[in-house]
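Contents: one structure, followed by commentary.
The values are calculated or read from the model by the stated rules, or taken from the named source; none is laboratory data. Bear in mind the structure is a predicted one, so any value in this text is a computation, not a measurement. Note that each Cβ is placed from the backbone with ideal geometry, even for glycine, and that neighbours are counted across all protein chains shown. For accessibility, only protein heavy atoms count, side chains too; no ligands or nucleic acids. Shrake-Rupley method; radii C 1.70, N 1.55, O 1.52, S 1.80 Å.
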Amino acid sequence: MAHFRRLGLLAPLTTTLFNLLLVYVVYQVARMVYLFVNYSYFAQGLTFGHLMEMLGGSLVFDTSAILVTNIPYIVLMLFPLHLKETRVYQQVCKWVYIIINGLALAVNLCDAVYFQYTMRRTTTTVFNEFSNENNLGSIFLTETIHHAYLLVVFALLMWGLWKLYRHSGQKPKYFPWWRYDVAMLLSMALFAPFVVAGIRGGFTTAVRPITISNANQYVDRPVEAALVLNTPFSLYRTIGKAVFVVPDYYQNKREMEAVYNPVHRPDSSGIFSKKNVVVLIVESFGREYIGALNRNLENGQYKGYTPCVDSLISKSITFTYSFCNGRKSIDGMPSILSSIPMFVEPFFLTPSSMNHVSGIASLLAGEGYQTAFFHGAQRGSMGFMAFARSTGFQEYYGREDYDADKRFGGDDDFDGMWAIWDEPFLQYYATKMSEMKEPFMTAVFTASSHHPYIVPDKYKEVYPEEGVVIHKCIRYTDMAIGKFFQRVRKEPWFKNTIFVLTSDHTNLTDHDYYETDLGGFCSPIIIYEPGRQPQIQDKIAQQIDILPTLMGMLHYPKPYFAFGIDLLNTPAEETWAVNYLNGIYQYVKHDYVLQFDGQQTKAVYALTDSLMEHNLVGRVHQQKPMERELKAIIQQYMERMTQDRLQP
């Protein structure tokens, strides 16, 4: 490498990096202009420290956008072609660079104006929104005149890019051409992993390709996400992502709302009960693994893998049928905490994630509750921090916070892949709750019952391999849950608390029933309120029912939004569940499950047909009312997602 540097063979790499750094400066200046133009929207609670937090977060999204848009320039500069170091070729590279980043700057500055109409960064939906408008030219001209200073800013920044742009220089002489090609190959090989990581948002296994929703982890209010993002990122991340298409099942809005309406208007005559609310979302903790919920399996001999949760169920309210609303962790969060199911694509990975969303945390925070979300992985993992902050959680505690608490084992308790082991992290969770002021609302997302399906070394003999590979992890997590409840029972706030335990989704199975289209969504929903009579209610429950059920238990007096229902105050025959699987909506009600592809019913099965072997489509009178109800649910969902109407 030193030899290559002396010959100037790495000049294309160093100049490319320098020129890309100039683009970072341009993006940040454009962001400051965005803030200036729309200052009134961001002024509330804006401090220097918080601004720095948002600007720091913005670098992640700027990196992704800069690398994606500048791929042609990077390739032109580093392609191993020893004949390319000529004046003409270098001028072509410069013009490609200027055009690409000029367009990026232009859309950022234009969006500073458009923000006041949308209160968010522009996505590709803008092209559909204005596809039938014929006066865009005059509108654009008018706004340009009103914001002429943006033209000045654009001209100054582009002049700066042009003047500060650095050429790689002429090809060094007196060396074999192959050395130059080798140097370029090495440069591309070194740079490529950083480009990929920059576009994805990081190197680690916990990081998924970032989307616009990840901006929420750096903000205190949803509107601030626009300041963290940049418009090129928002545009390219939503290309081809128009996943929510509004059907026209119902032409009459009142008719649709008469069939189904997600706006809840509770009876305000009751006295609001400010009990604490604790929600445990247990990774992959499917209903199949819980002995107390499977007394009918193996001729009544099935014991399951969860003695601690079985004991909890004996004191709790559970339901004959209970389902999750998605198949991924990122589906579970909105379903459980905001009563938003997964239709077509995970809601939080779509442009609609920037909608104004409420949830258990925001509703109760408005009534004076302290709220906090706990997840033992690194901050930002799985997008949970972003979702938590966007839905009203005031505090977020992750792996970094656990490590910083000297009362616990720090990173020695890290599982080496995802997060802090469940046993110590649930004890940390209990400790932190005891330091909160009542009333409080908290949620925890566990991690140990997950691929690669391992348990801590000290438990390898205690929980050996059995059945399928996840079973030992389920036993370990069940033990951790048992110790958690042993701990919190000693706390003074325990008797004034409602606990809910569910899973994010299901996982590996060794029973035929749980391998069916519907069986793959069977999750526990366990409601434990100390002192309340335990019972198994003969009802159909789902994750999106958790929010309205809790609001009913607390006698929450105000209108709120939830796609689910209040299970404890709804007759059994009116309970239902819905989920989406590979283009098919599954609707469970009236002792049947209906499968609908958006246009027609493909199958109807009796709930007692546990293996879904007998298609009864066209042969049961419940099919038509189920179709009517499901269509209302789908249309309400799609309309409200696309129109940002996820609040009452």
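For this structure, a couple of remarks:
- Of all residues making up segment 482-522, the number that are open to solvent by 40 Å² or more (accessible area, probe 1.4 Å), within 18 Å of THR446 (Cβ to Cβ) and either without any contact (Cβ under 8 Å) to a residue 24 or more places away in the chain or touching a Lys or Arg at 6+ places or on another chain (Cβ under 7 Å) (or both): 1
- Test: ARG628 is part of a loop (DSSP other than H, G, I, E, B) and either touching a helix residue (DSSP H, G or I) at 6+ places or on another chain (Cβ under 8 Å) or open to solvent by 70 Å² or more (accessible area, probe 1.4 Å) (or both): no
- Scanning segment 616-625 for residues that are closer than 11 Å to PHE596 by Cβ and either surrounded by fewer than 17 Cβ atoms within 10 Å (Cβ to Cβ) or in contact with a Leu (Cβ under 6 Å, 6 or more places away or on another chain) (or both) gives a single hit, VAL617.
- Within segment 307-357, the set of residues being part of a loop (DSSP other than H, G, I, E, B) and open to solvent by 10 Å² or more (accessible area, probe 1.4 Å) comprises SER314, LYS315, ARG327, LYS328, MET342, VAL344, HIS356, VAL357.
- Selection status of ARG379, open to solvent by 40 Å² or more (accessible area, probe 1.4 Å), at pLDDT 95 or above and either of a type outside the set (Gly, Ala, Ser) or assigned to a loop (DSSP other than H, G, I, E, B) (or both): no
- Taking segment 631-648 as the range and being among the hydroxyl-bearing types (Ser, Thr, Tyr) and either within 24 Å of TYR592 (Cβ to Cβ) or open to solvent by less than 30 Å² (accessible area, probe 1.4 Å) (or both) as the test, only TYR637 passes.
- Picking from residues in segment 358-371 that are open to solvent by 10 Å² or more (accessible area, probe 1.4 Å) and part of a helix (DSSP H, G or I), the one that is farthest from THR238 (Cα to Cα) is ALA365.
- Out of ILE544, ILE525, one residue alone is in contact with a strand residue (DSSP E or B) (Cβ under 6 Å, 6 or more places away or on another chain), closer than 20 Å to SER335 by Cβ, aliphatic (A, V, I, L, M) and open to solvent by less than 10 Å² (accessible area, probe 1.4 Å). It is ILE525.
- Enumeration of residues in segment 576-609 that are open to solvent by 50 Å² or more (accessible area, probe 1.4 Å) and assigned to a loop (DSSP other than H, G, I, E, B): ASN582, HIS590, ASP591, ASP597, GLN599, GLN600, THR608
- Residue check, ASP248 of a type in the set (D, E, K, R), closer than 27 Å to ARG628 by Cα and open to solvent by less than 10 Å² (accessible area, probe 1.4 Å): no
- Flag if MET433 is open to solvent by less than 10 Å² (accessible area, probe 1.4 Å) and touching a residue at least 60 places away in the same chain (Cβ under 8 Å): yes
- Subset of segment 13-57 (residues that are open to solvent by 40 Å² or more (accessible area, probe 1.4 Å), modelled with pLDDT under 90 and closer than 30 Å to SER187 by Cβ): THR14, LEU17
- PHE79, sole failed condition from (1) aromatic (Phe, Trp, Tyr); (2) modelled with pLDDT of 75 or more; (3) surrounded by fewer than 18 Cβ atoms within 10 Å (Cβ to Cβ); (4) over 19 Å from LEU17 (Cα atoms): (4)
- Each residue in segment 470-513 was checked for being over 27 Å from the mean Cα position of the chain (by Cα) and either part of a loop (DSSP other than H, G, I, E, B) or of a type in the set (Gly, Ala, Ser) (or both), and 8 pass.
- Qualifying residue in segment 460-481 (condition: open to solvent by 60 Å² or more (accessible area, probe 1.4 Å) and in contact with a strand residue (DSSP E or B) (Cβ under 9 Å, 6 or more places away or on another chain)): no
- The one condition from (1) at pLDDT below 90; (2) out of contact with any helix residue (DSSP H, G or I) (no Cβ under 6 Å at 6 or more places or on another chain); (3) open to solvent by 10 Å² or more (accessible area, probe 1.4 Å); (4) not aliphatic (A, V, I, L, M) that LYS84 does not meet is (3).
- Applying the criterion of being among the hydrophobic types (A, V, I, L, M, F, W, C) and assigned to a helix (DSSP H, G or I) to the residues of segment 207-229, the residue that is modelled with the lowest pLDDT is VAL223.
- Of the residues making up segment 285-297, not a single one is touching a Gly at 6+ places or on another chain (Cβ under 6 Å), open to solvent by 20 Å² or more (accessible area, probe 1.4 Å) and among the hydrophobic types (A, V, I, L, M, F, W, C).
- Residues of segment 249-274 classified as touching a strand residue (DSSP E or B) at 6+ places or on another chain (Cβ under 8 Å) and assigned to a helix (DSSP H, G or I), total: 0
- Count of segment 382-429 residues which are touching a Lys or Arg at 6+ places or on another chain (Cβ under 8 Å), surrounded by fewer than 19 Cβ atoms within 10 Å (Cβ to Cβ) and of a type in the set (Gly, Ala, Ser): 0
- Being out of contact with any Ser or Thr (no Cβ under 9 Å at 6 or more places or on another chain) and modelled with pLDDT of 95 or more is a property that THR477 lacks.
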